1. Considering only residues that are assigned to a loop (DSSP other than H, G, I, E, B) and either free of Cβ contacts under 8 Å to residues at least 12 places away in the same chain or among the polar types (S, T, N, Q) (or both), which ones fall in the stretch 265-278?
2. Among the candidates 170, 156, 190, which residue alone is under 26 Å from residue 17 (Cβ atoms), polar (S, T, N, Q) and in the same structural domain as residue 281 (by TED's automatic domain parsing)?
3. What about residue 247, is it within 17 Å of the chain's Cα centre (by Cα), surrounded by 15 or more Cβ atoms within 10 Å (Cβ to Cβ) and of a type in the set (Asp, Glu)?
4. What is the number of the single condition among (1) assigned to a loop (DSSP other than H, G, I, E, B); (2) among the basic types (Lys, Arg); (3) under 16 Å from the mean Cα position of the chain (by Cα) that residue 286 does not meet?
5. May I ask you to say which residue of 45, 40 is in contact with a Lys or Arg (Cβ under 8 Å, 6 or more places away or on another chain) and either over 23 Å from residue 276 (Cα atoms) or at pLDDT 95 or above (or both)?
6. Within the stretch 279-292, which residues are in contact with a helix residue (DSSP H, G or I) (Cβ under 9 Å, 6 or more places away or on another chain) and either among the small types (Gly, Ala, Ser) or without any contact (Cβ under 8 Å) to a residue 40 or more places away in the chain (or both)?
7. Tally the residues that are of a type outside the set (D, E, K, R), within 24 Å of residue 257 (Cα to Cα) and out of contact with any strand residue (DSSP E or B) (no Cβ under 9 Å at 6 or more places or on another chain), restricting the search to the stretch 79-94.
8. For residue 157, which of the numbered conditions (1) on the phi < 0 side of the Ramachandran plot; (2) assigned to a loop (DSSP other than H, G, I, E, B); (3) in contact with a Pro (Cβ under 8 Å, 6 or more places away or on another chain) fails to hold?
Amino acid sequence: MKPLKQQKIAVLMGGTSAEREVSLNSGNAVLNALRTQGYDAHPVDPKEVPVLELKQQGFERAFNILHGRGGEDGIIQGALEQIGLPYTGCDVMTSALTMDKMRTKMLWKGFGLPIAEMEIVTKENVTELNPSKIVERLGLPLMVKPSREGSSVGLTKVNAVEELTVAVETALECDDTVLIEEWLSGVEMTVPVLDNQVLPAVQIIPDGEFYDYHAKYISDNTQYICPAPLSKAREEELHRLVKAAYDAVGCRGWSRIDVMTDSKGEFRLVEVNTTPGMTNHSLFPKSAATVGYTFEKLVEKILELSV
């Protein structure tokens, strides 16, 4: 096989999901990093270019930086495998599974890994929604989120029982399945994994009540602490948990796992990002930098892990 720098590389960005703009920003950063290092990299937006024709256009490998549906849910991965084009990130099964927060959490729970207590609502059973009963079981506040959206799209914090129905209806506009979760009041962290190595956790102090789309991509007031201020024992506990969560869903190459602590300080797994953001607000590069990776070298490493 030809060396990577002699291969024509498609940087897949944009797409049709709610996270299109974030993907374009990530994609341009990745594209520039590859070109700076001498790679024959080209931008490819699946919204405009049929992915199944990439091989006919001379492409030999793909750096997938599509976020959300169509990019992280197994669809693009399946298309690339169909034409025999190696690509970065997780395979079809893991991508499809981890895009669905509900099924990911059910799998983790089956492995005995800690998650938040939750109720599941679908478009089919929403008429049976009993806000008082849910609040009695899970307490207040609550977090309501679509099962298959990323970048905090469709999230609502519910502070009163009267707000729950509207929050569920809002989330159902984004997906057919909605999670109503107990509120995790502790520390919020995200933990990257690169080539099976757990990188330092990033603690997130959001600008606002929680880490929503505005806090992630717009605000300059959200604070990030990396490495997160943890004792050696707590850091080791977190790394073991994250690696177990990563392995349970079958991740490969690179992924980022979000973790929070509850009111007692216990870790709770939140979700997996199989194609983490690579913008100037992104957390994977922040963490990788603390162990010696420049942005360019991180991008190159991810490419080298493509299968």
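The values are calculated or read from the model by the stated rules, or taken from the named source; none is laboratory data. A quick note: this is a predicted structure, and the numbers were derived from the prediction, not measured. Positions of Cβ are backbone-derived with ideal geometry, glycine not excepted, and every protein chain shown enters the neighbour counts.
1. Step one: filter the stretch 265-278 for residues assigned to a loop (DSSP other than H, G, I, E, B), giving 265-266, 274-278.
Residues satisfying the conditions are 274, 275.
2. Values: 170 fails: in the same structural domain as residue 281 (by TED's automatic domain parsing); 156 fails: in the same structural domain as residue 281 (by TED's automatic domain parsing).
Of the residues listed, the single one that is under 26 Å from residue 17 (Cβ atoms), polar (S, T, N, Q) and in the same structural domain as residue 281 (by TED's automatic domain parsing) is 190.
3. On the way: within 17 Å of the chain's Cα centre (by Cα): yes; surrounded by 15 or more Cβ atoms within 10 Å (Cβ to Cβ): no; of a type in the set (Asp, Glu): yes.
When the stated conditions are applied, residue 247 does not pass them.
4. Unmet for residue 286, out of (1) assigned to a loop (DSSP other than H, G, I, E, B); (2) among the basic types (Lys, Arg); (3) under 16 Å from the mean Cα position of the chain (by Cα): (1).
5. Numbers: 45 fails: in contact with a Lys or Arg (Cβ under 8 Å, 6 or more places away or on another chain).
Selected residue: 40, the only one of 45, 40 that is in contact with a Lys or Arg (Cβ under 8 Å, 6 or more places away or on another chain) and either over 23 Å from residue 276 (Cα atoms) or at pLDDT 95 or above (or both).
6. Of everything in the stretch 279-292, those that are in contact with a helix residue (DSSP H, G or I) (Cβ under 9 Å, 6 or more places away or on another chain) and either among the small types (Gly, Ala, Ser) or without any contact (Cβ under 8 Å) to a residue 40 or more places away in the chain (or both) turn out to be 282, 285, 288, 289.
7. Of the residues in the stretch 79-94, the ones of a type outside the set (D, E, K, R) are 79-80, 82-90, 92-94.
From what's left, within 24 Å of residue 257 (Cα to Cα): 86-90, 92-94.
From what's left, out of contact with any strand residue (DSSP E or B) (no Cβ under 9 Å at 6 or more places or on another chain): 92-93.
Selection size over the stretch 79-94: 2.
8. (2)
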